[in-house]
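Here the structure is laid out as structure tokens; the discussion comes afterwards.
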Amino acid sequence: ADEQPEVACSDTLRSLKEASHYLVDLLQPVAFPTETVYGLGALALDSAAASRIFSTKGRPPDNPLIVHVSSSLMLHSLLPPNFILPPSYELLIKHFWPGPLTLLFPSDPTLIPSIITANQPTVAIRMPSHPVARALIAISNTPLAAPSANSSGKPSPTRAEHVLRDLDGKIGIILDGGPCEVGLESTVVDGLREDGDIRILRPGGVTVEAIEQVLRDGASDGARIPKVLVHRRDFLDDTIEQAPTTPGMKYRHYSPSVPVTLLWTTSSPPSGVEPVTPAALLDSVKSLVVGRSVKVGILAPADSSLLQLLLADSTVTWHQYGLGSKSEPSITAQRLFDGLLTLEKEGVDIIMIEEVGEEREGLAIMNRVKKAAGECRWVSMA
Ligand code: TXA
Ligand code: MG
């Protein structure tokens, strides 16, 4: 996990140095690519610099930030001197760092400003794998706090142009590293409790299945294999709002300025949701506008039978954005936020997203979709 990032061309190096100057000398935030989503970075160990992240995003101050490091030396410089890594963390770091996994550590208040942790006793840390992210941290030679580089409540940016459209005029530099490979934010994990179990506070780029496998395969003989506990969130279920799994989870999130409807097709929907036929669904959508054909953005797997059925209605102006095939949730994850932001830019009246299975990346996908959607409809195909 400690190899040096590769910085190939001198243009890249010049951009990195300029961005680093902004961060370190001017204490200004900079947008940069990571493998998950674009981040809005600032010096993690400087309260004034970090506070600019909150003002730029309009982020509530009780939502703590993730600290990004580029080496294990940098990680250990942030930890309390007497802290010993739990065995589960050794395994998770070995397998998933650098990469889309964030771990909670005890926070040393003499080191980590309280603005970063929002006064939690823990600090969230991750080592990104994107070479530009790691080079920027390494050149700046100090950890960077970075939430996703979007205004609070909006979908996270997965391309430099998403950041530009959202934060233009508010930030001085956006480093363009192309589209993000993972497309959803990191998995946030708490493995600090006495019981040794792993709690998934936010599902993300590293799947629960992959974490379970690593803990199973890596367990030493006779040792108890830690359980992986996931809080599944139901649509319209506000228990999580009363006991948020991460402070950030209680906020409405990922919503473009266009209304988003989640289309339930396979699993049983929450109680109180009545089934509609595809025809009735389309009738209600058409009634949203008068005097012209309704523009509907649709995000669905290419092999969805509901999609084929809906697209057959040519009185609707369809804006289709493909999410790959049902068997490849990692592609759906990569395309979800770009789909929401692309359809929003195209000026659709409403965005409909078809449910995906909650296996593998599907868990994180549905976590984001349920938060983006203002309503859900149960489409009965029978
Ligand atoms: O992939 C990612 O994690 C991206 C890229 C830029 O690295 N960052 C990101 O940051 O998604 P943000 O701020 O959008 O989400 C951070 C999440 C929030 O849900 C926050 O509440 C949680 O991590 N979090 C941060 N510190 C925490 C702590 N000490 N305890 C519990 N949750 C924490
Ligand atoms: Mg975010």
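The values are calculated or read from the model by the stated rules, or taken from the named source; none is laboratory data. Quantities reported herein were computed from a predicted structural model and do not represent experimental measurements. Cβ coordinates were reconstructed from backbone atoms using ideal geometry, including for glycine residues, and neighbour counts include every protein chain displayed.
Count of the range 209-221 residues, restricted to those that are buried (at least 20 other Cβ atoms within 10 Å of the Cβ) and out of contact with any Ser or Thr (no Cβ under 7 Å at 6 or more places or on another chain), is 1.
If a residue has to be among the aliphatic types (A, V, I, L, M) and loosely packed, with under 15 Cβ neighbours inside 10 Å to count, how many in the range 286-308 make the cut? Number of matching residues: 4.
Residue-wise test of (1) in contact with a Pro (Cβ under 8 Å, 6 or more places away or on another chain); (2) at pLDDT 95 or above; (3) farther than 22 Å from T187 by Cβ.
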residue	(1), (2), (3)
H319	no, yes, yes
A333	no, yes, no
K345	no, yes, yes
E354	yes, yes, yes
E361	yes, yes, no
K371	no, no, no
G374	yes, no, yes
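Conditions tested, residue by residue: (1) within 24 Å of E209 (Cα to Cα); (2) in contact (Cβ under 8 Å) with a residue 40 or more places away in the chain; (3) in the same structural domain as T34 (by TED's automatic domain parsing).
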{"position": "L309", "(1), (2), (3)": "no, yes, no"}
{"position": "A312", "(1), (2), (3)": "no, no, no"}
{"position": "E344", "(1), (2), (3)": "no, yes, no"}
{"position": "M352", "(1), (2), (3)": "no, yes, no"}
{"position": "N367", "(1), (2), (3)": "yes, yes, no"}
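Filter the range 180-229 for residues that are under 21 Å from V123 (Cα atoms) and among the basic types (K, R); which is nearest to ligand 1 (Cβ to nearest atom)? That would be R202. When the helices (runs of 4 or more DSSP H) confined to the range 14-96 are screened for residues that are under 19 Å from the mean Cα position of the chain (by Cα) and surrounded by fewer than 23 Cβ atoms within 10 Å (Cβ to Cβ), those reaching at least 2 such residues are found at 47-57.
Within the span defined as the range 268-277, one or more residues are at pLDDT 70 or above and charged (D, E, K, R). Assess whether S148 counts as being of a type in the set (G, A, S) and either surrounded by 19 or more Cβ atoms within 10 Å (Cβ to Cβ) or not assigned by TED's automatic domain parsing to the domain that holds R224 (or both). In short, yes.
Contact map, the range 31-42: first residue under 19 Å from W97 (Cα atoms), second residue near ligand 2 (Cβ under 10 Å from one of its atoms) and not in a loop (DSSP other than H, G, I, E, B), Cβ cut-off under 9 Å, separation 6 or more or different chains; pairs are F32/G39; F32/L40; P33/G39; T36/S148; V37/S148; Y38/S148; G39/I66; G39/S148. Does S140 satisfy the criteria of being buried (at least 20 other Cβ atoms within 10 Å of the Cβ) and away from ligand 1 (no atom under 11 Å from the Cβ)? Judged against the criteria, S140 is a match.
The lone criterion from (1) modelled with pLDDT of 95 or more; (2) more than 30 Å from K345 (Cβ to Cβ) left unmet by N119 is number (1). Restricted to strands (runs of 3 or more DSSP E) entirely inside the range 100-216, those with at least 2 residues that are at negative phi, in contact with a Phe, Trp or Tyr (Cβ under 9 Å, 6 or more places away or on another chain) and within 16 Å of ligand 2 (Cβ to nearest atom) are 122-126.
A Cβ distance below 9 Å, combined with a sequence gap of six or more or placement on separate chains, defines the contacts here; from the range 131-158, residues that are of a type outside the set (A, V, I, L, M, F, W, C) reach residues that are more than 12 Å from ligand 1 (Cβ to nearest atom) and assigned to a strand (DSSP E or B) in the pairs S140/L43; T142/L43; P143/L43.
Regarding the range 106-114, can at least one residue be identified that is closer than 28 Å to E361 by Cα and buried (at least 16 other Cβ atoms within 10 Å of the Cβ)? The answer is no; no qualifying residue exists.
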